[in-house]
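A short worksheet on the structure shown next.
The values are calculated or read from the model by the stated rules, or taken from the named source; none is laboratory data. Just so it is clear, the model here is predicted, and its values are computed rather than measured. Neighbour counts run over all protein chains shown; Cβ positions are idealised from the backbone, glycine included.
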Amino acid sequence: MKNMNYKMNHYANKLVEAFLKKKIITPIPKRFTKNLKNANYFRRLCESKIKIPIIGFKAGGTSIPLLKKLKEKEPFYAAIYKSNLLKNNQRVKINNYTLGIELEVCFLIKKNFFDFKKQPTNKNIIKFIMYTAPCIEVVGYRQRKKGIKTLGDLCSDFGGNIKFILGPKKKFKRIKYNLKTYISNKKLKYLVHGNTNTVYVNPINSLRFVLKKLKKDKVRLNTNFYIFTGSTVGVVPLKGKGLYTGKVDRIGSVKTKIV
């Protein structure tokens, strides 16, 4: 057991260095990623070594068909750091281990959620939502591996998040989350349609899942924070570089240039 902890800490240090220095390393051993429980433990170990401010959290693996395919019962969550959040229209440099991009619904949550004593439900969390926004997530590894064999692959590697690009925020209003979405690259004549109801039933349900996990894990921040709820279009492969636009009906549009 002592030897196992030493090895896990050793590989966590390697992945943290890759995160901080934007490096690509050889894959970490499968025993740390194959099982989602182990992957979550490894992720938290890595996150404990990062001193950059956390600005929010993401839900990963929110597609129910994907969960069934990978034989998992629920998604995972991971911390998002200030250095990984970009403004609308900013550029993102990719590499051979970038899996693709996702279009998501994001919520800005009041920090007083952490003082809330009750268990989060889809109804009682509404009062903590300040703003909503569309966002694009660039998904990939900091390791020399491709594809998704287990949900732990993404979870263990900082949630598989390379960058989040945040679109314009709107004051939150209660709506039915059965909204059409798309992501496109006009120059490449590339268009992928989606819907917010593919996100773990809907984005509010995904939000509740993350908030419930934060409470269970006794996570606490001293500032308002973002929750990124999962892809409405799946992981969209990048057909080439250039300007990608994502739109969520009634919420707005977001753009990033992939270079």
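For first residues located in segment 76-88 and in contact (Cβ under 8 Å) with a residue 60 or more places away in the chain, partners that are among the β-branched types (Val, Ile, Thr) and surrounded by 23 or more Cβ atoms within 10 Å (Cβ to Cβ) and lie 6+ apart or on another chain with Cβ distances below 7 Å form the pairs Tyr77/Val210; Leu86/Ile165; Asn88/Ile165; Asn88/Val254. The number of residues in segment 175-206 that are of a type in the set (Val, Ile, Thr) and more than 17 Å from Ile251 (Cα to Cα) comes to 2. Out of all the residues in segment 194-204, which are surrounded by fewer than 18 Cβ atoms within 10 Å (Cβ to Cβ) and in contact with a strand residue (DSSP E or B) (Cβ under 9 Å, 6 or more places away or on another chain)? The one that is surrounded by fewer than 18 Cβ atoms within 10 Å (Cβ to Cβ) and in contact with a strand residue (DSSP E or B) (Cβ under 9 Å, 6 or more places away or on another chain): Asn195.
So for segment 66-77 (the condition being modelled with pLDDT of 95 or more, of a type outside the set (S, T, N, Q) and farther than 30 Å from Pro168 by Cα), does at least one residue qualify? The answer is no, given that none of the residues of segment 66-77 is modelled with pLDDT of 95 or more, of a type outside the set (S, T, N, Q) and farther than 30 Å from Pro168 by Cα.
Filtering segment 166-193 to residues that are crowded, with 23+ Cβ neighbours inside 10 Å, of a type outside the set (A, V, I, L, M, F, W, C) and assigned to a strand (DSSP E or B) leaves only Thr181. On inspection, Ala59 passes the criterion of being crowded, with 19+ Cβ neighbours inside 10 Å, in contact with a Ser or Thr (Cβ under 8 Å, 6 or more places away or on another chain), within 25 Å of Ile251 (Cβ to Cβ) and in contact (Cβ under 8 Å) with a residue 12 or more places away in the chain. When Gly234 is tested against (1) of a type outside the set (S, T, N, Q); (2) at pLDDT below 95; (3) out of contact with any Asp or Glu (no Cβ under 8 Å at 6 or more places or on another chain); (4) under 25 Å from Ala78 (Cα atoms), exactly one condition is not met: (3).
For His10, the conditions (1) in contact (Cβ under 8 Å) with a residue 12 or more places away in the chain; (2) over 18 Å from the mean Cα position of the chain (by Cα) are fulfilled apart from (1). For segment 184-193, check the following and say yes or no: at least one residue is of a type in the set (Ser, Thr, Tyr) and within 19 Å of the chain's Cα centre (by Cα). Within segment 184-193, none of the residues are of a type in the set (Ser, Thr, Tyr) and within 19 Å of the chain's Cα centre (by Cα). The listed residues are Lys71, Lys123, and the only one of them that is without any contact (Cβ under 8 Å) to a residue 60 or more places away in the chain, on the phi > 0 side of the Ramachandran plot and more than 15 Å from the chain's Cα centre (by Cα) turns out to be Lys71. Being charged (D, E, K, R) and within 27 Å of Thr229 (Cα to Cα) is the filter here; which residues of segment 24-58 pass it? Result: Lys30, Lys34, Lys37, Arg43, Arg44, Glu47, Lys49, Lys51, Lys58.
All conditions but one from (1) more than 30 Å from Ile129 (Cβ to Cβ); (2) surrounded by 13 or more Cβ atoms within 10 Å (Cβ to Cβ); (3) of a type in the set (Lys, Arg) apply to Lys22; the one that does not is (2). Against the list (1) part of a helix (DSSP H, G or I); (2) surrounded by fewer than 22 Cβ atoms within 10 Å (Cβ to Cβ); (3) touching a strand residue (DSSP E or B) at 6+ places or on another chain (Cβ under 8 Å), the condition Leu154 fails is (2). The set of residues from segment 95-120 being of a type in the set (S, T, N, Q), in a loop (DSSP other than H, G, I, E, B) and farther than 28 Å from Ser253 by Cα comprises just one member, Gln119.
Does Lys58 meet the test of being under 14 Å from the mean Cα position of the chain (by Cα), among the charged types (D, E, K, R) and at pLDDT 95 or above? Yes; evaluated as a whole, the condition is true for this residue. Taken as a whole, segment 10-21 holds no residue that is within 30 Å of Lys110 (Cα to Cα), among the polar types (S, T, N, Q) and modelled with pLDDT of 95 or more.
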